[in-house]
């Protein structure tokens, strides 16, 4: 049975006692960690005692946020993995509607559009959606004109984030930060608070130390600043058991990205070395060995031939042999890794490869992909990104309070103007063949429209009424034309009779 560790705490402790107590707690935590780690290593060994796959392939046991950030910054494929879902999801901005039945914008809708246009809030939402996927979370900082420091709460907002007063704060700026620049300092510990477990104070590096920025946006730029949660929207994608930490988008693919690094880097090195093949210098066994001066001269000629424009070597008693380079085509190996990445992400490979490839995707793949994007928009972006931003703007007083509003995303399957034109052209050809081939004698128009055009009863009724009206108009025109021709004929006959009489 595991031993239980108990630490008795006095009601008041000196600084030395507190330090000793913290040291004891850390010792216990280290013991627990070492026990869990040793068991994990033991299980790994028992799985296959002959080898450790992760160790042999160079896969890390733990991945730090700095490793994720470096992979995102330096590897284009990793960047694609992180930005794919946000770019696809934010292809078209949503519409914020207070009253769907009204043709005119309400006051809330007008002020939201003005606020969004002023600060490009949709653009910032897309940016934080991407940046939050590098690590386990990201934050969106709102700068206000309340005159307080960033580590102080905002007036008019209670401890649960609700608007309590009539204060109105103007939004000055919005800034997104990924996890590599943010540390959660404190969290809500009150189990009766609806924000239990949520961060209450952040420590943020206001400028990425790896980027040279000349412009200063706010005071203390480049330093770590404490920020109260009132001024922050916490964004975490791919949440599992935690509401604070999501799953980094690169986590499940990190090993595959390392493999692709090996393949592409090794391929480039093979090409570099293979473009300049190696050479061996074979001394004739019957020739006299060259002295030091001859060897120095030979080395000089080799250097001039390798690094300069000299294309000859002068040798005596030495035979120069070219070594055949071994260069392999990496295409198939990289393609296997890309296929695995697409499967792990649940993305059609042509979509994963880029927009030009995606145009060739089948209609079924496109519809399934659109369903997934729509699900992400409704199940994640609306409740965890868009609405928190709007609700916080309402709490700041930057937007008027409303009882209800909706976030409406455009239909991704809506055909483009080009698609509509191609569909119309195809139907014209179909109807032309239907009428020209006398198919209506076999299949009545009403049945044809229902079975093949897939129109409902109301639509078929409208088409048939329009067709009957058009036919009636043609018949009326023909009757008028025939009547006009008869009148012209009668007038001509009368004129001819008058001429004969004269």
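Every read-out reported here was derived from the displayed coordinates using simple, explicitly stated rules and does not represent laboratory data. All figures in this text were calculated on a predicted structure; none of them were measured in a lab.
Convex hull volume of the C-alpha atoms in segment 55-109, normalised per residue: 160 Å³. Each part gets one Cα centre, and for segment 437-487 versus segment 85-125 those centres are 45 Å apart.
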